[in-house]
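The next block holds one structure in the form of structure tokens; read it before the comments.
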Amino acid sequence: MTDPGRPQDVVEEHFLDKPLDVEAEVDDGGQEQGLPWQPDDIRVSSRNFSLRNVLDMIDDEELELAPDFQRNQVWKLPQKSGLIESILLQIPLPAFYFAQDKDGRMKVIDGLQRLSTAYGFAREEQFALGHLEYLDLSGQRYSQLSPVWRRRFNQTQLVVHVIDPQTPAQVRYDIFKRINTGGTPLNAQEIRHCLTSNRCREFLKRCAASAEFLEAVGSSFRDHVRMADRELVLRFCAFSVIGLQAYQGAMDPFLDEAAALIDDPAKLSDEQLSGLEEEFRRTMVLAVQAFGGRAFRKSPSSPLNRPMFESLAVTLAKSSDRGIALDFPQMASRLHRLISSDRDYYEAISSSTGSRYKVAYRFAKAVEVVLGG
């Protein structure tokens, strides 16, 4: 049955056939700017590592296996055993991609599941082999393998393409997007999670886990399976710290810049980051007062709309910072009229949402919603 309170053109994102409570965003605004980097900026070297060397690097925290990655799908035993059998049979594995930082530490950006499986088998004894096609080793764990098999496992050579730390951040993101083709491809925020450092990851996680945020957007965003919760926090930070005037017409590079800013204490101090978190929490409280729980939606039954979130939340924050008295009942009424009667606004939050014109338009209308006009 059709939901009479829900706009008919709203499309909700799904993952593994499950609704995600976030509206699918049509954003072709990235076409507004040219190639943000030159081909000479690409700095990738190819190296050979033994599997033992790579596992030792993980032990020594020189190689990071993308911690706190929510939707990483763990392989079943047949897949795990198949990989280990391929290693023991000395069947060459597809190449891996690592990204190196300025301190020499590296992150796995392609091959995470394969390395996690090998590490779990050899270091943590997570599983015994089974469902093997060629080797009579079923039921054996790594420690039960003969020295010959263990040696063959450890001496396996891996081809690794390493992205140099001097490679510009946007180039690294673009390389990741190009190689990110297997399984269910990572979305932009999941890529950022893999490529940023702990400072940014932990900040976004804290804000997204806050009671104030979850009350504003709904419990479905708790540990969101596609990291939409953290993307929303990052959008707030990007427009709050970098500012609307700096927006060039492509959302992903803008958010990449914000993530890099949060990661760098020389550009955003601990005190400033703490203040930004406090401002975010305070703004979420205001959003609940203005729009109730499940805010930032075209209708009460619609999934959350990212463009509404960024524009309304940032406008609320700036108005509150200036000490302006806010009329919450009128605010909710003005937003309802805007969505139902202003076709340009509806388009600005629905299609080509990354274009400079539409971003500027929805921010201008957000000022009218919050302050009247």
Q) In region 246-296, how many residues are within 29 Å of ASP103 (Cα to Cα), touching a helix residue (DSSP H, G or I) at 6+ places or on another chain (Cβ under 8 Å) and small (Gly, Ala, Ser)? A) 3
Q | Filtered residues of region 217-263 (kept if of a type in the set (D, E, K, R) and either at pLDDT 95 or above or more than 25 Å from ASP174 (Cβ to Cβ) (or both)) | A | ARG222, ASP223, ASP229, ARG230, GLU231, ARG235
Q: Evaluate region 15-32: report whether one residue or more is exposed (fewer than 12 other Cβ atoms within 10 Å of the Cβ), in contact with a strand residue (DSSP E or B) (Cβ under 7 Å, 6 or more places away or on another chain), modelled with pLDDT of 55 or more and not in a loop (DSSP other than H, G, I, E, B).
A: yes
Q | Unmet requirement for GLN38, which otherwise passes all of (1) modelled with pLDDT of 85 or more; (2) closer than 22 Å to THR167 by Cβ; (3) exposed (fewer than 13 other Cβ atoms within 10 Å of the Cβ) | A | (1)
Q. Among all residue pairs at least 6 apart or on different chains, which show Cβ distances below 6 Å where the first residue, located in region 215-236, is under 11 Å from VAL22 (Cα atoms) and the second is modelled with pLDDT of 95 or more and outside any helix (DSSP H, G or I)?
A. VAL217/LEU304
Q | Single condition LEU51 does not satisfy, out of (1) aliphatic (A, V, I, L, M); (2) surrounded by 12 or more Cβ atoms within 10 Å (Cβ to Cβ); (3) more than 19 Å from HIS193 (Cβ to Cβ); (4) at pLDDT below 90 | A | (4)
Q) Among the numbered criteria (1) closer than 24 Å to PRO185 by Cβ; (2) among the aliphatic types (A, V, I, L, M); (3) touching a helix residue (DSSP H, G or I) at 6+ places or on another chain (Cβ under 7 Å), which single criterion is violated by VAL159? A) (3)
Q.
Could you list, ordered by first residue, the pairs with Cβ atoms under 6 Å in which the first is in region 271-282 and surrounded by 12 or more Cβ atoms within 10 Å (Cβ to Cβ) and the second is outside any helix (DSSP H, G or I) and not aliphatic (A, V, I, L, M), at least 6 apart or interchain?
A. ARG281/SER210
Q: With the checklist (1) surrounded by fewer than 20 Cβ atoms within 10 Å (Cβ to Cβ); (2) under 24 Å from LEU186 (Cα atoms) in hand, flag the one item ARG235 doesn't pass.
A: (1)
Q: With the condition kept exactly as written, say whether any residue in region 300-310 is modelled with pLDDT under 95, assigned by TED's automatic domain parsing to the domain that holds LEU234 and more than 21 Å from ALA208 (Cβ to Cβ).
A: yes
Q. What about ARG141, is it under 16 Å from LYS80 (Cα atoms), free of Cβ contacts under 8 Å to residues at least 24 places away in the same chain and in contact with a helix residue (DSSP H, G or I) (Cβ under 9 Å, 6 or more places away or on another chain)?
A. yes
Q: Say whether the condition of being closer than 30 Å to ILE84 by Cα, in a helix (DSSP H, G or I) and of a type in the set (A, V, I, L, M) is met by at least one residue in region 185-203.
A: yes
Q | Candidates ALA122, ALA128, ALA95, filtered to the one that is outside the structural domain of GLU190 (by TED's automatic domain parsing) and surrounded by 20 or more Cβ atoms within 10 Å (Cβ to Cβ) | A | ALA122
**Q.** Condition met for ILE109 (under 26 Å from ARG206 (Cα atoms), outside the structural domain of ASP229 (by TED's automatic domain parsing) and not small (Gly, Ala, Ser))
**A.** yes
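The values are calculated or read from the model by the stated rules, or taken from the named source; none is laboratory data. This is a predicted model, so every value here is computed, not measured. Positions of Cβ are backbone-derived with ideal geometry, glycine not excepted, and every protein chain shown enters the neighbour counts.
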